[in-house]
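The values are calculated or read from the model by the stated rules, or taken from the named source; none is laboratory data. Every value quoted in this text rests on a predicted model; they were computed, and no experiment measured them. A quick note on method: Cβ atoms are made from the backbone with ideal geometry, for glycine too, and the neighbour counts reach across all protein chains shown.
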Amino acid sequence: MANLHNKVRAYLGRNFSLKEIKLQNDLDERGDYISYWSDEVEKSQPTVEQLNALESEADTIQNNSGVISTRKKLYGTLAEQLEYIVENGVEAFIEKQQQIKTDNPKE
């Protein structure tokens, strides 16, 4: 089940900043909710129904975020990547990166 942050990302079609939108949870029956929606955001604040309709898309965003995080860890730092290229060559580096993508596919 997607969280509110990813539902809002799906609704907007992009990431958003805390200056634009604030999400809150007061640990009561309401759960997560939008506490602030800036006038500068290109779309009006969505209803709960609009956000719930984006559940599947938001799930994909959430799952892909985990995959991207895993890939970044496996790729290593830029210094580690350069060291790998120097020691093994560009072709081996590309093969390694492609294997990481194959082993950790996005939806």
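Values for this structure:
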quantity: Residue count, the stretch 76-107 (criterion: in contact with an Asp or Glu (Cβ under 9 Å, 6 or more places away or on another chain) and closer than 27 Å to Asn3 by Cα); calculated: 1
quantity: Within the stretch 1-31, tally of residues that are surrounded by fewer than 10 Cβ atoms within 10 Å (Cβ to Cβ), of a type in the set (A, V, I, L, M) and modelled with pLDDT under 95; calculated: 2
quantity: Number of the exception - Ile34 against (1) aliphatic (A, V, I, L, M); (2) surrounded by 10 or more Cβ atoms within 10 Å (Cβ to Cβ); (3) part of a loop (DSSP other than H, G, I, E, B); calculated: (3)
quantity: Output for the stretch 37-65, where each listed residue is of a type in the set (Ser, Thr, Tyr), outside any loop (DSSP other than H, G, I, E, B) and in contact with an Asp or Glu (Cβ under 7 Å, 6 or more places away or on another chain); calculated: Thr60
quantity: Positions within the stretch 34-75 being under 20 Å from Met1 (Cβ atoms), within 19 Å of the chain's Cα centre (by Cα) and not aliphatic (A, V, I, L, M), in sequence order; calculated: Asn52, Glu55, Ser56, Glu57, Asp59, Thr60, Gln62, Asn63, Asn64, Ser65, Gly66, Ser69
quantity: Cβ pairs under 6 Å, 6+ apart, first in the stretch 38-54 and among the small types (Gly, Ala, Ser), second surrounded by 12 or more Cβ atoms within 10 Å (Cβ to Cβ); calculated: Ser38/Glu20
